[in-house]
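Shown next, in structure tokens, is the structure this report addresses.
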Amino acid sequence: MSGLKDIGVKVVDAAIAFSAPAILREIEALLEKLAESGESGVVDLRGVPLGPADYEMLRNELGQGEVTARLDAAGPSEVRETAYAGVWWVTHRDQTENVIAEFIEVTRMPEILTSQPEDVRAASARLKEKLSSDDALHN
């Protein structure tokens, strides 16, 4: 080869979903496992090459469920239930709103929404202290 002009280039149609069908099959298998054994699973969407058509297919096929939660833990995050109970689309962003992690969690409740035992203990202690020292409750 004598230069860049001699390198063959293959143009890939951005409107074709290459990875989404395989991801949907993986989600199907994970959902079946959740239903049968209660075992959860995760698909890391940032760990798979996904084009715009893949995202569109996943959004269309998985649909929208009844539950959406937004939280701010080291940046904004959104947990969205899909049209399939137990299948959650979880997106984490940094402070400038760039997506830093994106998962499909197949679980009864996404881990990020589950209260951690140490947080529950701390909350219990705080409420107990507040109620024992709050004069308004004693009147």
* Structure fact -> Within the range 87-99, the residues that are surrounded by 14 or more Cβ atoms within 10 Å (Cβ to Cβ) and among the aliphatic types (A, V, I, L, M) are Val87, Val90
* Structure fact -> Matching residues in the range 56-96 (free of Cβ contacts under 8 Å to residues at least 24 places away in the same chain and of a type outside the set (Lys, Arg)) number 22
* Check the range 44-57 and report whether any residue there is out of contact with any helix residue (DSSP H, G or I) (no Cβ under 7 Å at 6 or more places or on another chain) and among the β-branched types (Val, Ile, Thr). => no
* Asked: What number of residues within the range 99-139 satisfy the criterion of being touching a helix residue (DSSP H, G or I) at 6+ places or on another chain (Cβ under 7 Å), within 24 Å of Arg70 (Cβ to Cβ) and at pLDDT below 90?
  -> 0
* For the range 19-26, indicate whether the set of residues that are polar (S, T, N, Q), surrounded by 12 or more Cβ atoms within 10 Å (Cβ to Cβ), farther than 21 Å from Ser115 by Cβ and at pLDDT below 95 is non-empty. => yes
* Asked: If you scan the range 69-86, which residues turn out to be under 14 Å from Ile104 (Cα atoms) and exposed (fewer than 13 other Cβ atoms within 10 Å of the Cβ)?
  -> Ala83
* Asked: Do you know which of the residues in the range 27-54 that are under 15 Å from the mean Cα position of the chain (by Cα) and modelled with pLDDT under 95 is surrounded by the most Cβ atoms within 10 Å (Cβ to Cβ)?
  -> Val48
* **Close pairs from the range 16-32: first over 15 Å from Gly47 (Cα atoms) and outside any helix (DSSP H, G or I), partner of a type in the set (Gly, Ala, Ser) and modelled with pLDDT under 95, Cβ under 9 Å, at least 6 apart** => Ile16/Gly51; Ile16/Ala53; Ala17/Gly51; Ala17/Ala53
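The values are calculated or read from the model by the stated rules, or taken from the named source; none is laboratory data. The model shown is predicted, which means the values in this text are computed figures rather than measured ones. Please note: Cβ atoms are built from the backbone with ideal geometry, for glycine as well, and neighbour counts cover all protein chains shown.
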